[in-house]
Amino acid sequence: MPVFVEVALPVPLRQNFSYRVKDEQQTSLQIGLRVKVPFGRQQLVGLITAITDSCDLAPQQIKSITAVLDDAPLLPESLYKLTLWAARYYFTSQGQMLSQALPVALRKGLDASPQSTIEYHLTEQGRQLDPNVLKRAPAQKKLFELLLENPLTQDELTTQALSKSALKALQDKQWIEQKSALITHDLSWRHKLQMNESPHKLNKQQAVAVSVLTQQQGFHCTLLEGITGSGKTEVYLTLLETILKQGKQALILVPEIGLTPQTINRFKRRFEVKVAVIHSGLTDNQRLEAWRQARVGEAAIIIGTRSALFTPMAFPGLIILDEEHDSSFKQQEGVRYHSRDLAVMRGHLEDIQVVLGSATPSLETLQNAISGRYHHLELSERAGVAQKVKQGIIDITSQPLKAGMSASLINEMRMHLDAGNQVLLFLNRRGFAPALLCHECGHLHECDRCDAFFTVHQGLNEICCHHCGNQYAIPKQCHQCGSTMLMGHGLGTEQLEQELVKLFPQHPVVRIDRDTTRRKGSLEQQLQGIYMGKYKILVGTQMLAKGHHFPDVTLVGLLDVDGALFSADFRAPERFGQLYTQVSGRAGRADKPGKVLLQTHQSDNPILRDLLQRGYGEFARSQLTERQQALLPPAWHMVLIRAEAHLAQDADAFLAQISQLIPQSNELEVIGPIPAPLDRKAGKYRRQLMLQAKNRQQLQTVFEQVLSQIERLPESKRCRWTIDRDPQDLM
């Protein structure tokens, strides 16, 4: 009797595909196995979602699967259910969502659970050698000395970045050899948890939070709202100890790769267990190895960024999202899922605890906590001897500025630096200057593919568009009038760094932004330099604002906040409040008092005053009331449809057709089509259509009903379009 399977493939078509199964492949079939199948002219890897004995297609239309790649399903049932739920919620195909849940190496068809690995050993001849014979070949000597202690696996060679040419040279000399070794998994931590350091003494609020969290059984979602420096990590560590002693694993999600090194070190310092790390800065093989260790239960703690959410755990016990408000948890291309929302859903499906930690919770989470859907714990005191930060506004209206810095800020910096402390300056614009201006005719050099100006990067000697990546060498003459009097207009981190080196030649400056941290390991080196006190002045963009603990920083200066106060995005005040609170939280974290100075032309701005006088907690609650009055998320629910085309009318016509299909009422409104805030990007015109509904389920049902009609619209072929559920960014 013929057997057929439905396969979910990583393609945007919202359907699964039928394939015939050959007789010899039928014995081991199960839902959730990976299979390799022909699709058009290529071979794709997909997952089986159903097994049937009949198929509606004509026999000549059905192809056979090429190979079954697994013996058992890769994802546990809870994660499989989560991906199917997410595919429906985010209006994407099951295949795309399922492939998000697998490491890249498994999407390419690699073995998920190999039984053996290759190890490198010294030969008898190699063991009798003196390592000093290799003193003129340092890479070979380093490898040789490591092999004297222990054999090394293929993965260890990669993770320790050992030279492949050195390995080949030693093999050619017949001093080392390859051997096949069985893979074993060490699960001893489940029976006896080893501690490297004793826990810190908790203050009263931390102790209350820990006792509430440790008493919870089964699924609970808790918001841990603690001001910056209140010791949330210590609460996580104490809770983790309880979870690990029960023999269960924990998944910890952080928003940025930059936060993983310090998080890993904190956990490794406390617990003698295997910590698996998963983020985009690792190679495909390193991520696969971490995924395997988590899946078999060898890794007790899994730390990672957004994509680590889908890592299977053999013994699930706890999920923690640190800095849960951060927009990095929302994927902005491909499948636009939000890790925070899926983490809560995963906790529900696996019946385990979820903790969302933040000093500046997102309004969505705050509303869930206030309405009682989530538990709410607050830490309102700074941990240890850290004192509350002093805040000040510098009104820079008609004041002379030096690279964006006022005289009062420079004087304040001098005082803190002379006292031997560190100073952090925050400017959310990388590059030398945000625009290139002609001094004679006033022409601003604009990107030829976007409605945006080129940013000048002097160190790279280029002008670059931060929206589409378009870049050219810095022009010698003005494109408009031919003048050679070109100058950077505005301020970027690169220019600020140069000015600080001139102003404070005796105090070393470090700049941390996307440009200076491109090389592998460079961010870790810079952060290490800051902790060691090598740098005294820190200049950076948002990368420096998040979660870092710099004990010697006593002054934080925010240079240009006016741009953040005026934005087309309704989330701008919330984002500004979070950013200001997070950046100011880097000051005075140890026993030294901290100070925050904010430069603005808008010293009487009500948003700014509200935030400084009442703090983020009260400010966020008043923002929630405003959103409810304006019928905006989280009070109402939103789907954003974006369309881009070479001709603006094509995108407009497509979105206008969609707005006709959707039945409007008092509880469901359609806004648009309207131009996106950045109207033209990478040569295409961008339009958007907003759907807002009072009821989440109603929005889901209505949109699901019209989705197939939208896909059949002839206008959909003339533009590229995407659906963004619960959008975080309207740009």
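A count restricted to segment 10-61 and to residues that are within 25 Å of MET97 (Cβ to Cβ) and assigned to a loop (DSSP other than H, G, I, E, B) stands at 18. A single entry from LEU129, LEU170, LEU146 fulfils the requirement of being surrounded by 14 or more Cβ atoms within 10 Å (Cβ to Cβ) and in a loop (DSSP other than H, G, I, E, B): LEU129.
Residue pairs whose Cβ atoms lie under 6 Å apart, sitting 6 or more positions apart in sequence or on different chains, and linking a residue in segment 138-156 that is touching a residue at least 60 places away in the same chain (Cβ under 8 Å) to a partner that is buried (at least 16 other Cβ atoms within 10 Å of the Cβ), are ASP155/GLU289. Which of the residues belonging to segment 515-525 are closer than 20 Å to PHE550 by Cβ and part of a loop (DSSP other than H, G, I, E, B)? Selection gives THR516, THR517, GLY521. Here the condition is being assigned to a strand (DSSP E or B) and out of contact with any Lys or Arg (no Cβ under 8 Å at 6 or more places or on another chain); of LEU597, LEU612, LEU608, LEU624, it holds for LEU597 alone.
Elements of the type strands (runs of 3 or more DSSP E) sitting completely within segment 654-731 and holding at least 2 residues that are touching a residue at least 60 places away in the same chain (Cβ under 8 Å): these cover 668-681, 720-725.
Can you spot a residue in segment 314-321 that is modelled with pLDDT of 95 or more, crowded, with 23+ Cβ neighbours inside 10 Å, of a type in the set (Val, Ile, Thr) and on the phi < 0 side of the Ramachandran plot? Checking segment 314-321: at least one residue is modelled with pLDDT of 95 or more, crowded, with 23+ Cβ neighbours inside 10 Å, of a type in the set (Val, Ile, Thr) and on the phi < 0 side of the Ramachandran plot.
Pick from segment 609-642 the residues that are more than 30 Å from VAL596 (Cβ to Cβ) and in contact with a Ser or Thr (Cβ under 8 Å, 6 or more places away or on another chain): which of them is surrounded by the fewest Cβ atoms within 10 Å (Cβ to Cβ)? If we take residues in segment 609-642 being more than 30 Å from VAL596 (Cβ to Cβ) and in contact with a Ser or Thr (Cβ under 8 Å, 6 or more places away or on another chain), then ARG642 is surrounded by the fewest Cβ atoms within 10 Å (Cβ to Cβ).
Residues that are part of a loop (DSSP other than H, G, I, E, B), under 12 Å from GLY490 (Cα atoms) and small (Gly, Ala, Ser) within segment 416-462 comprise just one, GLY431.
Residue-by-condition table, conditions (1) acidic (Asp, Glu); (2) farther than 27 Å from SER603 by Cβ; (3) assigned by TED's automatic domain parsing to the domain that holds LEU579; (4) out of contact with any helix residue (DSSP H, G or I) (no Cβ under 7 Å at 6 or more places or on another chain):
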position	(1), (2), (3), (4)
THR397	no, no, yes, yes
MET405	no, no, yes, yes
VAL423	no, no, yes, no
CYS438	no, yes, no, yes
ARG449	no, yes, no, yes
HIS466	no, yes, no, yes
GLN471	no, yes, no, yes
LYS476	no, yes, no, yes
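Take the conditions (1) buried (at least 20 other Cβ atoms within 10 Å of the Cβ); (2) of a type in the set (A, V, I, L, M, F, W, C); (3) assigned to a loop (DSSP other than H, G, I, E, B); PHE570 misses just one of them, which is (1).
Can you find even one residue in segment 71-85 that is part of a loop (DSSP other than H, G, I, E, B), surrounded by 12 or more Cβ atoms within 10 Å (Cβ to Cβ) and acidic (Asp, Glu)? Taking every residue of segment 71-85 in turn, none turns out to be part of a loop (DSSP other than H, G, I, E, B), surrounded by 12 or more Cβ atoms within 10 Å (Cβ to Cβ) and acidic (Asp, Glu).
The residue list LYS192, LYS108 contains one member that is of a type in the set (D, E, K, R), modelled with pLDDT of 80 or more and either within 30 Å of PRO10 (Cβ to Cβ) or surrounded by 12 or more Cβ atoms within 10 Å (Cβ to Cβ) (or both), which is LYS108.
Return yes when GLU524 is modelled with pLDDT of 85 or more and in the same structural domain as PHE426 (by TED's automatic domain parsing) and no when it is not. So GLU524 fails the test.
Residues in segment 480-495 that are surrounded by fewer than 14 Cβ atoms within 10 Å (Cβ to Cβ) and either of a type outside the set (Gly, Ala, Ser) or at pLDDT below 85 (or both): GLN480, CYS481, THR484, MET485, MET487. Which condition breaks for ASP604 when tested against (1) more than 26 Å from PRO675 (Cβ to Cβ); (2) within 26 Å of the chain's Cα centre (by Cα); (3) surrounded by fewer than 20 Cβ atoms within 10 Å (Cβ to Cβ)? Of everything listed in (1) more than 26 Å from PRO675 (Cβ to Cβ); (2) within 26 Å of the chain's Cα centre (by Cα); (3) surrounded by fewer than 20 Cβ atoms within 10 Å (Cβ to Cβ), ASP604 misses just condition (2). With respect to the conditions (1) in a loop (DSSP other than H, G, I, E, B); (2) touching a residue at least 60 places away in the same chain (Cβ under 8 Å); (3) not small (Gly, Ala, Ser), ILE410 falls short on a single one, namely (1). For LEU503, state whether it is touching a residue at least 40 places away in the same chain (Cβ under 8 Å) and not assigned by TED's automatic domain parsing to the domain that holds LEU559. When the stated conditions are applied, LEU503 does not pass them.
Summed over segment 496-521, the residues that are modelled with pLDDT under 85 and either surrounded by fewer than 20 Cβ atoms within 10 Å (Cβ to Cβ) or among the basic types (Lys, Arg) (or both) give a count of 6. Scanning segment 266-284 for residues that are surrounded by fewer than 19 Cβ atoms within 10 Å (Cβ to Cβ) and in contact with a Pro (Cβ under 9 Å, 6 or more places away or on another chain) turns up just one, ASP284. Taken as a whole, the structure leaves THR92 outside the set of residues that are of a type in the set (Val, Ile, Thr) and either surrounded by fewer than 21 Cβ atoms within 10 Å (Cβ to Cβ) or under 27 Å from PRO114 (Cα atoms) (or both).
The values are calculated or read from the model by the stated rules, or taken from the named source; none is laboratory data. Quantities reported herein were computed from a predicted structural model and do not represent experimental measurements. Cβ atoms come from the backbone with ideal geometry, glycine included; neighbour counts cover every protein chain shown.
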